[in-house]
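Below is one structure; the comments refer to it alone.
The values are calculated or read from the model by the stated rules, or taken from the named source; none is laboratory data. Because the structure is predicted, anything quoted here is derived from the model rather than measured. Backbone-built Cβ (ideal geometry, glycine too); neighbour counts: all protein chains shown.
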């Protein structure tokens, strides 16, 4: 068991219902131990056990929420905001 931390960019959350939907989607993934969501920066910080889940499960779960258009791992090359 190795606890990892992932940052996931979340777009278009503009109300409490949207935030609640994203939090529920992430918390329902087996292996997720904690989720912190900063709606001001559109970033979720997810702590998870990497033997039980992966970043792909987070992006899949988030993409199922109506309020989100394109979730990207912050460090992913396909993330247009990854300027590092």
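A compact table of results
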{"quantity": "Search result, residues across the stretch 38-51 that are touching a helix residue (DSSP H, G or I) at 6+ places or on another chain (Cβ under 9 Å) and within 13 Å of residue 14 (Cα to Cα)", "calculated": "39"}
{"quantity": "Residues located in the stretch 12-38, provided they are touching a strand residue (DSSP E or B) at 6+ places or on another chain (Cβ under 9 Å), in contact (Cβ under 8 Å) with a residue 12 or more places away in the chain and not in a helix (DSSP H, G or I)", "calculated": "13, 29, 30, 31, 32, 33, 34, 35, 37"}
{"quantity": "Residue in the stretch 39-57 that is assigned to a helix (DSSP H, G or I), surrounded by 11 or more Cβ atoms within 10 Å (Cβ to Cβ), at pLDDT 90 or above and out of contact with any strand residue (DSSP E or B) (no Cβ under 7 Å at 6 or more places or on another chain) present", "calculated": "yes"}
{"quantity": "Those residues of the stretch 1-11 which are surrounded by 14 or more Cβ atoms within 10 Å (Cβ to Cβ) and without any contact (Cβ under 8 Å) to a residue 60 or more places away in the chain, in sequence order", "calculated": "4"}
